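Enquirer: So that we are looking at the same thing, I have put the structure below in structure tokens.
Values in this text are rule-based calculations from the coordinates and carry no lab data. The model shown is predicted, which means the values in this text are computed figures rather than measured ones. Because the Cβ atoms are built from the backbone with ideal geometry, glycine has one as well, and the counts that use them run over all protein chains shown.
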Amino acid sequence: MKIKIKISELAYEELKKAYDQYPEYSFIRLTYSQCCSKNSKVEIVLDNVKENDIKDKVDELIFVYDYHLASKVKELTIIYRNFSLQIKTELYEPITKCVSTSCGDSLNNKGCGKSSGCAICSSYRKKIIINKEILKTK
């Protein structure tokens, strides 16, 4: 099962720059976690291949993701706006309830501390994470 990946021309150019800037990484990883809202959180990380990864090539960029992401996300759109990459997801099934009371932040594994939902989660993510550092795309 593969995800339909759409990418704008500007987003493609910015990802290509990041990909070329860090030759020690072979792939662009898409990671998923469910949030405490009706949206999902997908992040873009430069990484190397892992066992059981699904590979998907868009021109010269090679994306990898796991089955968990592929089973949840039907389509993914990556755009570049206001000096940042943004990701919109279309899920197979909408998220109908919150699984936990806080949404984990993959940078520091801390929740947002709100029981009614998580402010950090949205269908758009505005960063590329490389080795747990934020790569600014200016």
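Enquirer: Under 17 Å from the Cα of Lys55, which aspartates and glutamates turn up, not counting those fewer than eight places away in the same chain?
Expert: Correct list for Lys55: Glu43, Asp47, Asp66, Glu75.
Enquirer: Follow-up. May I ask you to sort Lys2, Lys72 by Cβ crowding, counting other Cβ atoms within 10 Å and putting the fewest first?
Expert: Ascending Cβ contact count within 10 Å gives the list Lys2, Lys72.
Enquirer: Assuming R0 = 35 Å, can you tell me the calculated FRET efficiency for the pair Lys17 and Leu91, based on Cβ-Cβ distance, to the nearest 0.05?
Expert: 0.75
Enquirer: Could I ask something else about it? Net charge near Tyr12: determine it from the other residues with C-beta under 11 Å of the C-beta of Tyr12, scoring Lys and Arg +1 and Asp and Glu -1.
Expert: That sum, taken over residues with Cβ under 11 Å, equals -2.
Enquirer: Roughly how many nanometres apart are two label points built 7 Å out from the Cα toward the Cβ at Asn52 and Glu75?
Expert: Placing both labels 7 Å beyond Cα along the Cβ direction yields 2.9 nm.
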